Amino acid sequence: MLIFNRLWRTSSLLIATALLVAPANTLLAFDVFWTNPGTGTWTNANNWDIAPDTPDAFFEDVPIINNGGTATVSSAVTDVAGVALGYAENSSGTILIQNGGSLTLVETAGAATNVAPNGAANIGFEGGTGNEGDSGLLEVQGGGTLAAVYFDINQNGKMLIGTGTGVANASTTSGSLFSNGTLEVIGPGHNISLAGNLVLEEKAEGSSRFIPHITGANHTVINVTGDAQLGGSLVPKFDGVTPQLGDSWDLVNAASVDGDLDIDNSQAPALSPGLAYSTRVVSGGNGEILQMGVAAFAKLKVNTTTGAVSMVSESGAPINMVGYTIGSASGRINQASWNSLADQGETGWEEAGGSPTAVSELNAENSLSMSTTAINLGNSLYAPPTEFGDAPDITFQYGVEGETTPTNGIIEYSGNAAINNLLLTVDPETGEGQLKNSSPFTIDILGYTIQSAGGSLDASGWTSLESQSVTGWDDTAAAADEFGLSELVPLDPASTLSPGTAYSLGEMFQVGGAEDLTLEFALVVDGEPEIRQGVVLYAAAIAGDYNNDGVVNIADYVVWRNNLGAPEGTLPNDADGGVIGTAQYQTWKTNFGSSAGAGAGAWAAASASVPEPSTLVIVLAGLCAWSGVRARRRSIDS
């Protein structure tokens, strides 16, 4: 039978080639499937469904790994007409190109059976739901070589370059790299070249994550013959390097660099106040170079309770400001309360317009040297929100002496409306989660869903609201697993959360898991449920935060005093241990004023977690049931 299979493949190709009267596009490529669910070598024919053959571009073979298996390439193997990893829904597959391994993907003329023989590396399932797999991994280790016509990294797909030791090589022969999955490059010295463009995509079904894994003073540059079109997130990681002010790394060298990358610093070391990770585009190389670095920024402090606004350079590094604009698209600026630099008598400053959407000042004569002393711009310049969910939308740009383009400053919100939403705070070091009404408004909710596309949840450690005997909650409406946790309030009345109300959800996050959680909830608006997106913030617990609300304040002193003499373990975030007493008081006193928030960078990274439309299914299904139950009850009671 095996001999017949080989003869059939050979004779089919010869006959089709001989029949020149047949249209060229009637020739079919072969989909070749990996059969080993574990790890095996590419060259072992028993791992393929065409044994005794292995994949070969001569037969227009496109190898497909969908069964969770891993193919290792440790030598130069026969060219193939493309690869597909995790290409079917709810499937996964991996290729590891090891030291000494070489794999080349070439385009052939045949028509696709399922996957076109176009020499592409298809990584992950295009249009996948993000649940239960849908993943592929293509890893090029040091000393390995991969060449393809083009790379296509789909949602939950990952291309990893530079593991191990030695120089990794990855290139396209004529095409581009497209990604709405993950591209990670580790360390310096590797060869990555694209004959076409680099396209990091931002899509509704999933956005690109570009991870420069920094291990030294330099980093591998992706060399692009064409253009770099950048979207999605930049997620820097550091090993053996402590980033400092003034450090920078070249990441991409292209004919032109365009687009906008959101910096997700959740995997990077925390920086000193006033410093931030940033990107910039400079001339050089093929035309333009994308750089990432650590720079000093002016900070705008906004108190969402009082409306006070001030600006400061917390790093102490000199920032010579020649102009600034504070904006609010929703018109939250009280122009009449603006305490401008001109009003304060600063030399050369002139107001350049003011309205509820923006206030600006310029200095054509000299600059203002920002320092660690805050400059008050008005005690009620910001108009606090009037309803739940109305998130702060302040923007802050300023000009620096000698620079031709404005700089986006850091914005730090404080006060009771800094989030103004339902907040899920996760401690990545312990897995502890907390659900909190982080707003100044009382709200009624009917349910919530927490999801993780990467399977980072821990259902066994989850402490549901029902298990805490919170009235009305039911955690049996949907299965809980590593991809989703849900609870509903199926009957009247809804669950009311006063401002600051918080509940522990236990150790619901897997330590070391992907920080990809999303939160959605059903808010009662005018008597009807409305799906809203909550905020997810990753922050370590603060010693002395004895009421576990994310800030060390006088309320924690009251909790400590009420628990004097209680046994060890009584207070959350107790770093001292032992019977509650003087040690816990000293910790509270030392950390008084500390909070889990880290300014605008933390809020931006947290609120960027937006769930896919498909994640609404569980809650919406529940809401249909709630609507029916509530309508019937009202009808009966009327």
Please enumerate the residues belonging to the range 363-387 that are buried (at least 18 other Cβ atoms within 10 Å of the Cβ) and either touching a Gly at 6+ places or on another chain (Cβ under 7 Å) or among the hydrophobic types (A, V, I, L, M, F, W, C) (or both). ASN363, LEU368, MET370, ILE375, LEU377, LEU381, TYR382, PRO384
Residues that are under 18 Å from GLU361 (Cβ atoms) and not hydroxyl-bearing (Ser, Thr, Tyr), drawn from the range 398-441: GLY399, VAL400, GLU401, GLU403, PRO406, ASN408, GLY409, ILE411
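A quick yes/no check of all residues on (1) out of contact with any strand residue (DSSP E or B) (no Cβ under 8 Å at 6 or more places or on another chain); (2) closer than 26 Å to ALA295 by Cβ; (3) of a type in the set (A, V, I, L, M):
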| position | (1), (2), (3) |
| --- | --- |
| LEU341 | no, yes, yes |
| GLY345 | yes, no, no |
| SER355 | no, no, no |
| ILE394 | no, yes, yes |
| SER438 | no, no, no |
Identify, from the list GLY143, GLY127, the residue that is of a type outside the set (S, T, N, Q), modelled with pLDDT of 95 or more, surrounded by fewer than 22 Cβ atoms within 10 Å (Cβ to Cβ) and out of contact with any strand residue (DSSP E or B) (no Cβ under 8 Å at 6 or more places or on another chain). GLY143
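Provide a single number: the residues in the range 556-574 that are surrounded by 14 or more Cβ atoms within 10 Å (Cβ to Cβ) and either of a type in the set (A, V, I, L, M, F, W, C) or under 33 Å from the mean Cα position of the chain (by Cα) (or both). If you could, list the steps in order and put the result at the bottom.
Step one: list which residues in the range 556-574 are surrounded by 14 or more Cβ atoms within 10 Å (Cβ to Cβ), which gives 556-557, 559-560, 563, 566, 570-574.
Next, only the ones that are either of a type in the set (A, V, I, L, M, F, W, C) or under 33 Å from the mean Cα position of the chain (by Cα) (or both) stay: 556, 559-560, 566, 571-574.
Total meeting the criteria: 8.
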Cβ-Cβ under 6 Å, sequence separation 6+ or interchain: first residue in the range 212-236 and within 19 Å of GLY175 (Cβ to Cβ), partner part of a strand (DSSP E or B) and among the hydroxyl-bearing types (Ser, Thr, Tyr). Which pairs? ASN223/SER193
With the checklist (1) buried (at least 18 other Cβ atoms within 10 Å of the Cβ); (2) outside any loop (DSSP other than H, G, I, E, B); (3) out of contact with any strand residue (DSSP E or B) (no Cβ under 7 Å at 6 or more places or on another chain) in hand, flag the one item ALA418 doesn't pass. (2)
Is the range 388-404 home to any residue that is open to solvent by 60 Å² or more (accessible area, probe 1.4 Å) and either aromatic (Phe, Trp, Tyr) or within 30 Å of the chain's Cα centre (by Cα) (or both)? yes
Taking only pairs six or more apart or across chains, which ones have beta-carbon atoms under 7 Å, a first residue in the range 136-160 that is at positive phi, and a second residue that is of a type in the set (S, T, N, Q) and open to solvent by 10 Å² or more (accessible area, probe 1.4 Å)? GLY143/ASN99; ASN156/SER135
Can you pull out every residue in the range 263-286 that is surrounded by fewer than 16 Cβ atoms within 10 Å (Cβ to Cβ) and part of a strand (DSSP E or B)? ARG280, VAL282, SER283, GLY284
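With the condition being open to solvent by less than 40 Å² (accessible area, probe 1.4 Å), I'd like the strands (runs of 3 or more DSSP E) fully within the range 30-122 carrying at least 2 qualifying residues.
On the way: elements: 30-33, 39-41, 61-65, 67-73, 83-85, 92-97, 102-104.
Output list reads 30-33, 61-65, 67-73, 83-85, 92-97, 102-104.
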Given (1) of a type in the set (Asp, Glu); (2) open to solvent by less than 30 Å² (accessible area, probe 1.4 Å); (3) out of contact with any strand residue (DSSP E or B) (no Cβ under 8 Å at 6 or more places or on another chain), number of the condition ASP427 does not satisfy: (3)
State whether the residues of the range 282-304 include one that is within 25 Å of the chain's Cα centre (by Cα) and of a type in the set (Phe, Trp, Tyr). yes
For the range 384-413, enumerate the residues that are touching a helix residue (DSSP H, G or I) at 6+ places or on another chain (Cβ under 8 Å) and not in a loop (DSSP other than H, G, I, E, B). ILE410, ILE411, GLU412, TYR413
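The values are calculated or read from the model by the stated rules, or taken from the named source; none is laboratory data. Predicted model only: the values in this text are computed from it and were never measured. Counting neighbours? That spans all protein chains shown, and the Cβs are built from the backbone with ideal geometry, glycine included. Please note that ligands, DNA and RNA were not included when accessible areas were found on the heavy atoms of the full protein model with its side chains. Shrake-Rupley method; radii C 1.70, N 1.55, O 1.52, S 1.80 Å.
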